[in-house]
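Colleague: Attaching a single structure in structure tokens format; questions to follow.
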């Protein structure tokens, strides 16, 4: 009977954790941080750290800890993707400004 709570916790982590690889792939493909929330990602990471710490402090090291660690790693990867995509957003913005400035410059010089 004592393993039932662990099984339920593992099931919750697996179900919840299935969304993180999907989110990671979506964010990589988007190549933009515009629809990502760093605060949300960090909050989720803090939650996983708390769960991992609780397991370690209780001495309840089991297969459930593996689910916490896998989920944390995937969510942490979203942090890296956020910063990569933010850099891409800045580059795109600079290129957009340069194009706008370049076309204005060229059209003025033609007159």
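Read-outs throughout are calculated quantities, based only on the coordinates presented, and are distinct from any laboratory measurement. Model, not experiment: these values are computed from the prediction. Here the Cβ positions follow ideal geometry from the backbone for every residue, glycine too, while neighbour counts run over all protein chains shown.
Colleague: If each residue's Cβ is checked for other Cβ atoms within 10 Å, how do 83, 72 rank with the fewest at the top?
Modeller: 83, 72
Colleague: Please determine, in degrees from 0 to 90 and to the nearest 10, the orientation of helix 38-58 with respect to the longest principal axis defined by the Cα atoms of the chain, where the helix direction is its Cα long axis.
Modeller: 20 degrees
Colleague: Next question. Measure off 7 Å from each Cα along the Cα-to-Cβ vector at residue 29 and residue 15, then give the distance between these two points in nanometres to one decimal.
Modeller: Result: 2.5 nm between the two label points.
Colleague: For the chain, what is the calculated [θ] at 222 nm in deg cm²/dmol (nearest 500), taking -39500 (n - 2.57) for each run of four or more DSSP H residues and dividing by its residue count?
Modeller: For the chain, the value works out to -30500 deg cm²/dmol.
Colleague: Fewest first, what order do 97, 79 take by the number of other Cβ atoms within 10 Å?
Modeller: With the sparsest Cβ surroundings first, the list reads 97, 79.
Colleague: What is the chain's relative contact order, in percent, from Cα pairs under 8 angstrom and six or more apart in sequence?
Modeller: The value is 39 percent.
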